[in-house]
Amino acid sequence: MCGIVGGVAERNIVPILLEGLKRLEYRGYDSSGMAVLDGQQQIRRVRALGKIKNLSQKIQESTEEFAGNLGIAHTRWATHGIPAENNAHPHICNNRVAVVHNGIIENYQELKAQQLDKGYRFTSQTDTEVVAHQIHYELTLLGESEDALLKAVQNALRHFKGAYALGVVAVNDPHTLIAARKGSPLVIGIGIGEHFIASDVSALLPVTQNFIFMEEGDVAHITRETVRIFDATGQIVERAVKQSTLTAHAVELGDHRHYMHKEIFEQPQAVIDTLEGRITQEHVLVSAFGHQAEALFATIERVQIIACGTSYHSGLVAKYWFEDIIGLPCQVEVASEYRYRNPAVLDNTLFVTISQSGETADTLAALQQVKNSKKAKNIPTLTICNVPESSLTRESDLTFLTHAGPEIGVASTKAFTTQLVALALLLTAIGKTQKHLSSKRETIIVRGLQKLPGLLRNALQHEDKIIELAQLFADKNSALFLGRGTMYPIAMEGALKLKEISYIHAEAYPAGELKHGPLALIDDQIPVVMIAPNDDLLEKLKSNLQEVKARGGQMIVFEDELSNIESEGSMQVVKATTNVGRITAPITFNIPLQLLSYHVALIKGTDVDQPRNLAKSVTVE
Ligand code: F6R
């Protein structure tokens, strides 16, 4: 995690870097810092603990004007070393080299020992400080030679094991910014007579729409006028400049109090955007998954889904769909387990990764492991991802981009909804390619998806009622979420949302498991949230509901118009939606759970968009 931004311009770079940091704050917010080369070509640095506003205030209050034409900045999510000012980036060596880093240098202890022997002093507990020292050391070996800073960085990189996106400036080359990428994302923003770097495009949208996406192993030499990129072998290479379709406005808060609220309410549009160009009136376009998709889908015998967190929950919903609707075996596993457990990979498996960011380190490692494994034949890879040009999209045979738009709130909402839409399209595309889905059934699924934006809008209208219900959680420390079938992963997602933004402990159970243990927890201090659509399992769920009621549990039940459960006593029932189908039901019932978590978090007064200890994009293990 962590976000980096940098630039070289004729104008003062400080406000641009500060705005970039604010836009990257979702990647980490333990501390931040900035270094610029000032008018005297000296490195000046400001660092602050906590949010970017603290850094901004410190810059405003600095007695000497803090300005420059070349600079780098960083917002941190602590991995090595506690959140503290001395651990905040940029890290500086001997007032000559400054570095910002996103990633982890795994062999930093070994390098640190060598550098201590050479007389370097350490002022932080971070892994990054070895980067600054190594570059400084390489510079001393190179002396005043041409491109010394570029060569020093290239030489230093040979010593690092792990992952990095780096921005480097040095006093001996006061018009040059060096950027390097391996395992962590980095883009170069192309302006007119000015250039920038950042962890993602959103940071630079106020200054440019044109970007080069650095590739694995690339090192870039950047001045105001030129950008030269060298690949992992040191050869100079051309990388295409791509125009972003995002506007600076897309990542602004508008009338909403929090990004999470904005993103919850953007879901109907996100579904429309994700469906656009992927369906006709009655059919799913298999080519939406790539031109090779039809040939690859024809050969597969099973699906393996790998993801983390909320994205994992979307995969769990899809497992029910794949096996139930088209009879295709589907396994789902969290990436951090899969990558370390020597899994049996069977021939003819479609390996699907799901990720909002496309940069989640565990998911990426699981994909790489499968690609490098010689254990099985015919393992096409597909990623369902929200960020174009991200690492997962580059590494996969097929890509399906969810068009949710930038998701800034750390708690994932609209990305999850569009992942489910993508998975519904995938199952239909595979089902029809393999002739396991009739044309009539395909049309029913497509019609259901077309209705989805309307269903979501209706579900969002229950916000006022949910605000009232959220009061039940004001003084509680624990909650239970129950569902059956696809509503079980939706219950898991509801519990995850509640714990991450309100810090209330929440657990999800398949309702049928209650009597095997969790029933012992039930009393009036643990609110129980049940999801009760009118489906084949409703009668079973009603029995579970009685089990809770009989033990004095406080319940909130979300039902549809045909479920026929009435509020009584300590049980409050919300008709969250009209009658919904097998695919639209889990997507729709997730909406009231998102709203519930959001409003509980408001009552608890937590930092909704940037909950403690978390960051949006988990690019480290
Ligand atoms: C929860 C949440 C996380 C992410 C997880 C995977 O609200 O946002 O659990 O879902 O870190 O991230 P991506 O989808 O970017 O791979």
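The values are calculated or read from the model by the stated rules, or taken from the named source; none is laboratory data. Predicted model, so just to flag it, every value in this text is computed and none were measured. As a convention, Cβ positions derive from the backbone with ideal geometry for all residues, glycine included, and neighbour counts pool all protein chains shown. Heavy atoms of the whole protein, side chains included, go into the accessibility calculation; ligands, DNA and RNA do not. Shrake-Rupley method; radii C 1.70, N 1.55, O 1.52, S 1.80 Å.
Worth pointing out:
- Over 21 Å (Cα to Cα) - which of Lys499/Lys540; Lys414/Lys616; Lys262/Lys575; Lys476/Lys497 fall in this group: Lys499/Lys540; Lys262/Lys575
- Measuring nothing but protein heavy atoms, the accessible surface of region 215-281 at 1.4 Å probe radius is 49 percent carbon and sulfur.
- The lysine pair tally for region 43-167, using Cα distances under 25 Å and a gap of 8 or more places or different chains, is 5.
- Between region 362-390 and region 580-606, the Cα center-to-center distance that results, in Å: 31
- Sorting 304-313, 607-616 by their mean Cβ neighbour count within 10 Å, with the most densely packed peptide first, gives 304-313, 607-616.
- Inter-label distance for Lys440 and Asn579, nm, one decimal - labels placed 7 Å from Cα along Cα-to-Cβ: 1.8
- Dipole size of the chain about its Cα centre, with +1 on Lys/Arg Cβ and -1 on Asp/Glu Cβ: approximately 620 debye, rounded to the nearest 20.
- Rounded, prolate or oblate (a/c below 1.5 giving rounded, otherwise prolate when a/b exceeds b/c) for region 3-245 by Cα gyration tensor: rounded
- When every Cα-Cα distance of the chain is counted in 20 angstrom steps from zero, the calculated P(r) takes the values 20, 49, 27, 4, 0 percent.
- Beta bridges by DSSP in region 60-194, antiparallel share as percent, to the nearest 5: 95
- Once the Cα-Cα distance is subtracted from the 0.36 nm per residue extended length, the Glu468 to Ala113 segment shows a gain of 121.9 nm.
- R0 of 56 Å, Cβ-Cβ distance Arg121-Ser478: FRET efficiency to nearest 0.05: 0.70
- Net lengthening on full extension, Arg239/Asp147 (0.36 nm per residue, minus Cα-Cα): 31.1 nm
- For the pair region 159-206 and region 91-128, the centres of their Cα atoms are 19 angstrom apart.
- A 1.4 Å probe run over region 403-444, with the rest of the protein chains in place, finds 27 Å² accessible per residue.
- Between 0 and 90°, nearest 10: helix 487-502 axis offset from the chain longest Cα axis: 50
- Within the accessible area of region 461-621 (1.4 Å probe), percent carbon and sulfur: 46
- Probe 1.4 Å, protein heavy atoms only - accessible area per residue of region 543-621 in square angstrom: 36
- Descending principal axes extents, region 254-460, alpha-carbon based, whole Å: 52, 40, 27
- For Tyr137, the shell of other residues with beta-carbons less than 14 Å away shows a net charge of +3, using +1 for Lys and Arg and -1 for Asp and Glu.
- Accessible surface computed residue by residue for region 1-158, with neighbouring protein chains in place and a 1.4 Å probe, gives 40 Å² per residue.
- If you wrap the tightest convex hull around every Cα atom of region 126-192 and split its volume per residue, you get 97 Å³.
- Using bins of 5 Å that start at zero, the share of Cα-Cα pairs per bin across region 502-618 amounts to 2, 10, 19, 20, 20, 14, 10, 4, 1, in whole %.
- Pairwise centroid distance, computed over Cα atoms, of region 407-468 with region 520-547, Å: 24
- In a fully extended conformation the segment linking Asn95 and Asp523 would gain 147.9 nm over its present Cα-Cα distance, using 0.36 nm per residue.
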